[in-house]
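The structure under discussion appears below in the form of structure tokens.
The values are calculated or read from the model by the stated rules, or taken from the named source; none is laboratory data. Note that the coordinates shown come from a computational prediction; the quantities given were computed from them, not determined experimentally. Cβ atoms come from the backbone with ideal geometry, glycine included; neighbour counts cover every protein chain shown. Each accessible area value is taken on the protein alone, full model and side chains, heavy atoms only, with ligands, DNA and RNA left out. Shrake-Rupley method; radii C 1.70, N 1.55, O 1.52, S 1.80 Å.
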Amino acid sequence: MENVIISVRDLNVYYGDKIAVKDVSVDFDKNKITAIMGPSGCGKTTLLRCINRIHEIDPTVKITGSINLYGEDLMEMYPIEVRKKIGMVFQRPNPFPTMSIYDNVIAGYKLNGIKMKRGDSDELVEYSLKQVNLWEEVKSDLHKRGTFLSGGQQQRLCIARALAMKPEAILMDEPTSALDPISTSKIEELLVELKDEVTIIIVTHNLGQAGRISDYTTFMYLGELIEFGLTEKVFTNPQNEKTERFLTGKFG
């Protein structure tokens, strides 16, 4: 239990009358990559969004159960505090279009009204961009808009923006699905490097990606958690017939 960073218990999520996540309990280990897989519409993204309270943006959503970070109830915290501790990277790269690369990295501080000395912010920007292997590529263009970067660079910028807040965990919703194979490969290598610094939970449709980078795999089907375990075990010896059918391309 001492390795568990995020613990989900008896989680149910409703959109109006429709149940999207049904009675899910799962633990996520510190400094590991956990992949959440399953066919479209099975509740993967809903589960992810609940962990940093983004689901609350939709007034039709109702949630029961608990999600704890190091034993502290995330549902009792201010959402802004939760999002400082648990970052999010979305499917499509979304640097703030009117902001420079520099300001994008420290956007979380600006948006939360946290003031920093110039030297401290310079240091943080450099450190965060180095963490995502982007510093050498952009150091002479820091005050240009982030939107002039390639798709893969923009996604690494978005990861740097999340890392700059020094979160405990980062949630990723199919972060490479809009990228070409070379950019995808760079992001995958980056995530494996980053797990020493931060816990990563990634929703992916890409079985190969889950197999390459994740330590644990969660398989969901129709809102339920069907199987959870070490990735190698789930992939080579799935315990549930539905998992096996998904992995062998029988549905998905």
**Q.** Subset of region 44-58 that is open to solvent by 10 Å² or more (accessible area, probe 1.4 Å) and polar (S, T, N, Q) - its residue that is nearest to Pro175 (Cα to Cα)
**A.** Thr45
Q: For residues that are open to solvent by 10 Å² or more (accessible area, probe 1.4 Å), in a loop (DSSP other than H, G, I, E, B) and not polar (S, T, N, Q), tally how many sit in region 183-230.
A: 6
Q. If you go through region 62-73, how many residues are out of contact with any Leu (no Cβ under 9 Å at 6 or more places or on another chain) and open to solvent by 30 Å² or more (accessible area, probe 1.4 Å)?
A. 5
Q | Residue that is most open to solvent (accessible area, probe 1.4 Å) [pool: residues in region 136-155 that are under 22 Å from the mean Cα position of the chain (by Cα) and not small (Gly, Ala, Ser)] | A | Thr147
Q. In region 111-135, what count of residues is obtained for those that are in a helix (DSSP H, G or I), surrounded by 13 or more Cβ atoms within 10 Å (Cβ to Cβ) and hydrophobic (A, V, I, L, M, F, W, C)?
A. 4
Q.
Could you list, ordered by first residue, the pairs with Cβ atoms under 8 Å in which the first is in region 74-95 and open to solvent by less than 10 Å² (accessible area, probe 1.4 Å) and the second is of a type in the set (Phe, Trp, Tyr) and not in a strand (DSSP E or B), at least 6 apart or interchain?
A. none
**Q.** Criterion (aliphatic (A, V, I, L, M) and under 28 Å from Pro79 (Cα atoms)) met by exactly one of Ile114, Ile213, Ile182
**A.** Ile114
Q. Quick one: would you say Asp29 is acidic (Asp, Glu), in contact with a strand residue (DSSP E or B) (Cβ under 9 Å, 6 or more places away or on another chain) and either open to solvent by 10 Å² or more (accessible area, probe 1.4 Å) or more than 30 Å from Gly249 (Cβ to Cβ) (or both)?
A. yes
